[in-house]
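Read-outs throughout are calculated quantities, based only on the coordinates presented, and are distinct from any laboratory measurement. Here the structure is a predicted model, which means the values were calculated and not measured. As a convention, Cβ positions derive from the backbone with ideal geometry for all residues, glycine included, and neighbour counts pool all protein chains shown.
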Amino acid sequence: MSPPPGATPAEEDRPDDVPGENPTGLARLRRSFLAPSRGQAVVALLVGVLAFAAVTQVRLNGADDTYAGLREAELVQALNGLQAASRKAERDITDLETTRDQLRSSTQRRTTALDQARQEVATLGVLAGTVPATGPGIRATVTDPKGDLTLNHLLDGVEELRNAGVEAIEINDRVRVIAQTSFEDDPEGVRVDGVLLKPPYVIDAIGDPGTLAGALDFQGGFIDDVKMDSGTVVVKKPDLVRVSTTRKPVKPRYAEAVPGQ
Amino acid sequence: MIAIIGLVVGVVLGLVLTPDVPLALQPYLPIAVVAALDAVFGAFRAFLDGIFDDKVFVISFVSNVLIAGMIVFLGDKLGVGAQLSTGVVVVLGIRIFSNVAAIRRHLFHA
């Protein structure tokens, strides 16, 4: 055991001690309380410094600074833990982002398919006559003052229009002409799809106006035929032809769609 | 008597001022406090033995604090700061215990 600091083997001046006496420590303590000295002042100063530092350290220790007093090794350990946690969080983020992207792309595919289907429905609806249609085209008015026109004239006209790529036909604003439309003779005029139509016949056709008009008006064509039987045909090209009559879609009785086509 | 007044004044100052310790000194403050405690207890024991000298006390106080701080600083540089500071605290603790035992024998004769 080393000697206590502050002890000197040979003490020369003992201001508190009366020479020749050898008092006990307790007595010396008692005496020093009553007789302050320079040494005591120094001790007081240093003890005060010690108390000051101790209080500061206690306060620091109590403060909530988890990482401030840590050493390098401890900080590295804490950092490693945090890095592991952050790696795990990043993996979670990546997983969730993948899931989100998958969901988003599937939603997008579904939306695209839906848009395509809607477009197809509109296209097919025009062709099948289930929806009203509008667009450029011609309006051909056929008059028949003498009643000499027959069903064949009308059929010829419709056929010529079809050859010219017509997309929607309506006669007299009452009958929509589609693929299945039937034409019959009637004493008073013609029956189209069972509807009695009387002259003058007004044919609304949507398509390229020039092509449609040309299909009716050529040597020996529809207009010539009608004129030969003392009728007249007036072809107008309005900016917008409206085909507002619609048909109910008929479910085919015999034909079935081949799936997967 | 004056020593006790100094102690009280130091505690009050520490509580009132609440000084901010620089970050670089933070690892050394607890070691310095323990080293100073050792010096104070050693001085008290010397006083009771009748061999107290204020010059020796001042030097031992300052050198104790400085050496303890230096050992920890060196340990930090060598990468064993945590272990060395533990060792310093253990050694100083043993010295404090032995000093207190001597003081106890003086005061209570037991």
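Let me confirm the definition first: pairs of Lys residues in the protein assembly as shown, 8 or more apart or on different chains, C-alpha distance under 28 Å. How many are there?
Qualifying lysine pairs in the protein assembly as shown: 10.
Per-residue ellipticity at 222 nm for chain A, helices alone: DSSP H runs ≥ 4 residues times -39500 (n - 2.57), over residue total, nearest 500 deg cm²/dmol?
-16000 deg cm²/dmol
Determine, from the Cβ-Cβ distance of A:Arg174 and A:Ser105 and an R0 of 51 Å, the FRET efficiency 1/(1 + (r/R0)^6), rounded to the nearest 0.05.
0.55
At most 15 other Cβ atoms within 10 Å and a DSSP loop assignment: could you name the GluC sites (Glu not before Pro) in region A:169-250 that fit?
Answer in residue order: A:Glu188.
How big is the charge dipole of the protein assembly as shown about its Cα centre, in debye rounded to the nearest 20, if each Lys and Arg gets +1 on its Cβ and each Asp and Glu gets -1 on its Cβ?
1920 debye
Please give me, ordered by residue number, the trypsin sites (Lys or Arg not before Pro) of region A:134-237 that lie in loop per DSSP and have at most 11 other Cβ atoms within 10 Å.
Those satisfying the criteria are A:Lys146.
Modelling each spin label as a point 7 Å along the Cα-to-Cβ direction, I'd like the A:Asp148/B:Leu25 distance in nm, to one decimal.
Result for the modelled spin labels: 12.7 nm.
With each pseudo-label sitting 7 Å past Cα toward Cβ, what's the B:Val12-B:Val89 distance in nm, one decimal?
3.1 nm
Where the centre of each part is set by its Cα atoms, how far does region B:6-39 sit from region A:81-99, in angstrom?
Distance between centres, Cα-based: 44 Å.
Please compute the modelled spin-label separation between B:Ser63 and B:Ile4, points set 7 Å along Cα→Cβ, answer in nm with one decimal.
Using points 7 Å along Cα→Cβ, the separation is 3.1 nm.
Hey, quick one: spin label on B:Leu107, modelled 7 Å out along Cα-Cβ, who in region B:59-98 has an amide N within reach, i.e. under 18 Å?
From region B:59-98, the list is B:95-98.
What's log10 of I(q)/I(0) for the protein assembly as shown at q = 0.06, 0.09, 0.14 Å⁻¹, Debye sum over Cα points only, no solvent?
Treating every Cα as an identical point scatterer, log10 I(q)/I(0) equals -0.50, -0.73, -1.13.
Set Lys and Arg Cβ to +1 and Asp and Glu Cβ to -1, take the dipole of region A:133-243 about its Cα centre, and tell me which of A:Ile138, A:Leu155, A:Leu212 lies farthest positive.
Final value for the positive-end residue is A:Ile138.
Between A:Ala113 and A:Thr232, what length in nm is gained on full extension when 0.36 nm per residue of separation is reduced by their alpha carbon distance?
38.0 nm
Can you give me the C-alpha center-to-center distance between region A:101-171 and region A:194-222, rounded to a whole angstrom?
If we compute the Cα centre of each part, the gap is 15 Å.
Between B:Ala102, B:Val34, B:Phe57, whose Cα lies farthest towards the positive end of the dipole of region B:5-110 when Lys and Arg beta carbons carry +1 and Asp and Glu beta carbons carry -1, centred on the Cα centre?
The residue sitting most towards the positive pole is B:Ala102.
How large is the convex hull of the Cα atoms of region A:42-158 per residue, expressed in Å³ as a whole number?
Spelled out: Cα convex hull of region A:42-158, divided by residues, is 239 Å³.
May I ask for the Rg/Rh ratio of region A:133-243, computed from Cα atoms with Rh as the Kirkwood radius, given to two decimals?
0.93
Can you pull the mean other chain C-beta count within 10 Å for peptide B:8-20?
6
Would you kindly state how much longer the chain becomes between A:Arg38 and A:Thr24 on full extension, computed as 0.36 nm times their sequence separation minus their alpha carbon distance, in nm to one decimal?
So the extension gain works out to 2.9 nm.
Computed FRET efficiency, Cβ-Cβ of A:Lys248 and A:Ala89, R0 56 Å: what is it to the nearest 0.05?
0.40
In whole Å, what three semi-axes, largest first, describe the equivalent ellipsoid of region B:22-108 built from its Cα gyration tensor (square root of 5 times each eigenvalue)?
Equivalent-ellipsoid dimensions as semi-axes: 27, 14, 9 Å.
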